[in-house]
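Notes for the one structure printed next.
Read the figures in this text as sums done on the coordinates, not as results from a lab. Being a predicted model, the structure only gives us computed values, none of them experimental. Because the Cβ atoms are built from the backbone with ideal geometry, glycine has one as well, and the counts that use them run over all protein chains shown.
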Amino acid sequence: MEKVNWKVDGMTCANCALTINKFLDKQGMQNIRVNPIDGDVSFEMVDGSSTDTIKKGIDDLGYHVIEKVNEDNKTKAPFLSTNIQRLLFCLPFTLVLMLHMLESVIHIHWLMNPWLQLFLCLPVFLIGMNFFGRSAIKSLRNRMPNMNVLVALGAFAAFAYSLIGTLMGQGEQYLFYETAATIITLVFFGNYLEDASMQSTQRALKSLMKSQKIMANMIAFDENHQEVIMPIENTQLKVGDLILVRSGEQVPIDAKILWGDAHVNESLLTGESIPIHKIAKDKIIGGSILETGSVKAQVTATGDDTILSGILQLVKQAQGEKPPIQHLADKISGIFVPVVVIIAVLTFLGNFFYLNEFTAALMRSIAVLVIACPCAMGLATPAAIAVGLGRAARNGILFRNATSLENFRNIKQIVFDKTGTLTTGSFKLANYKEIDVDPQFFKTVVYSLEKYSTHPIAVSIAAAFKVKEEIKWKSIEEVKGIGMKGIDRDGNEFWAGSYKIANTLTSESNHNVYILKNKQLIGWLDVEDELRPESKEIISHLKKLGLKTILLSGDRKEKCQHIQEALGLDEFIAEQSPEEKLKKIDELTKLHPTAMVGDGINDAPALAKATIGISLSEASQLAIQSAQVVLMNSGLKKLPTALGLGKHTYLTIKQNLFWAFFYNIIALPVAAFGLLTPTLGALVMGLSDVVLAINSVRLFVKKVA
């Protein structure tokens, strides 16, 4: 399936996003994500469908598809194309019209002239109908009525009633031009406030985006092979290019240090403020800052392949996701507009027959139309999700989808892998012994086997035993959960693995790696791995939260027990193969919602199976791809923040939805019984969305861990 990514202009609220989502779903599109916060729309095309048809359909709904935005070739937006421009245009006319409400105080008799009021209202009405009316008509034509239907109906009813009164010379009691103008102006005001509030929810992402396009110092060579420094935009760099980054400068793009050393501040990406010392062969991330030192580096990734681009893409995708709690709001939003129109009609009929007064009945039904706010229900989740994901990204926590945020609230137990998760994963060879073989031959066998493994223990042993001459294998394979198996050209079989391969050959089960030749033990090795300094504190914090902590490892029982006692874990499960880990996680998840934290290739299946899989950024690529949450560069330090953000984002969504439902349940009968005017209703409707945005923005500063 072809993946489509568009920017759609004209979405003024989450109800608009729901309209586009429904349209794409009706067209049979798959994996639809519509982000009302920044207008991003993505989906997968089905066979036989046409992008031109889809574009036309979205345009017919009242929105506009922008495939690519070129910052350098942006054309100036036409006048009255934004909410603030429309508000500023309408405001003077509306303020003058509203003065007649003070006529008894300031005695401005000339404002009571109906033709003058028509003249003042007409520009506002035309601007309002051009925006709300066109959108309403298109949404009705597509049988997907949106909020603009309510606004357009209310404003049109007030204007038409006043116009009929003016043409028939019915007098002042028929003049409600200020009501029509005020409804339009206040809704523009509400939309502007909503835009401003939503922009504030994006500030964490904006700070990351600013780092995507900066100047770089590219190293080139002249005809005399002398270095020449060329200032160039980082977007023009290619993989393999050489760059110079000096003290105080921003790293322009992902690269590997070739020369020099520096202290690098990666807080923009990881939330970790302490600078990291980097030397030759270390990688530096685009967007980080060189606080001290100077380095020459080689570009390793560009464009969408950089870490920063990956983070931004991940967060945008997650923002477009809908957690389960949003589906109820979506269902209600989908039928909300027709229900409100029915309530408005019933309000008019009920008040007309009860009061026997057409004007009062009409004003109350208009108040019902303009105070209803389907946007609030649609906005409740995206606003909170945008802030939660933005703060997470700013703190080095990446959520692959919004569902993970919601699922954190149910987690009862957390399962940890040992190597590289609770421990540093930086092993050192502590001891070894060869049995009845030449020491040099033993080292050659060990190095020749372990150099093909990516396991941290194997990598450390290969580094310690590196030799010039190695065995040329006829075949070599890594048996997951057991070790490395090699067959040389003479047919000899060699193994480097766990105690499982030597349990019939020796009773000593306390070594890390055993070496076999033709099923005979020829030696063993021990390595040292230290606990991460933050592990004990994190485990203690999780236990205070009432979470059960479990160690799940392929290592021996004795070592796992030692880790359990040192960190105060509730339980340990040792000597597990990847298949056994997967089975165990399946069992635990069926009992209680379970989070799994791991970093190795052998953790990938278990991470995918857990309720929430959490990977460290130092993990293997497969583990990162299998996890729903990635903790960047700070080990376990960010785990409590990830848990807290998940729970508090869900709490904020619940608060927003409660306000949205409560507001509409209270507001509609209040308007129906004539306890507020259409003008006040329009103002309250506009402010209701702002209340949700402000509540969501609190997540930026709220203590979550």
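List of remarks:
- The stretch 560-601: trypsin sites (Lys or Arg not before Pro) in DSSP coil with no more than 15 other Cβ atoms inside 10 Å: none
- With a Förster radius of 41 Å applied to the beta-carbon distance between His541 and Asn503, the computed FRET efficiency rounds to 0.60.
- Relative contact order for the stretch 407-523: 20 percent, from Cα pairs under 8 Å spaced at least 6 residues apart, divided by residue count.
- If the chain linking Phe661 and Val345 were pulled fully straight, counting 0.36 nm for each residue of separation and taking away their Cα-Cα distance, it would gain 111.6 nm.
- In a fully extended conformation the segment linking Phe673 and Asp282 would gain 133.8 nm over its present Cα-Cα distance, using 0.36 nm per residue.
- For the pair Gln85 and Ala566, the difference between a 0.36 nm per residue extended length and the Cα-Cα distance amounts to 166.8 nm.
- Separation of the Met168 and Asp304 label points, Cα + 7 Å toward Cβ, nm: 6.2 nm
- Net charge dipole size for the stretch 428-528 [Lys, Arg +1 and Asp, Glu -1 on Cβ; Debye, nearest 20]: 220 debye
- Placing a pseudo-label 7 Å from each Cα along the Cα-to-Cβ vector at Ile229 and Asn510 gives an inter-label distance of 5.8 nm.
- Remark on the stretch 428-528: Rg and Dmax equal 12.1, 34 Å (Cα only).
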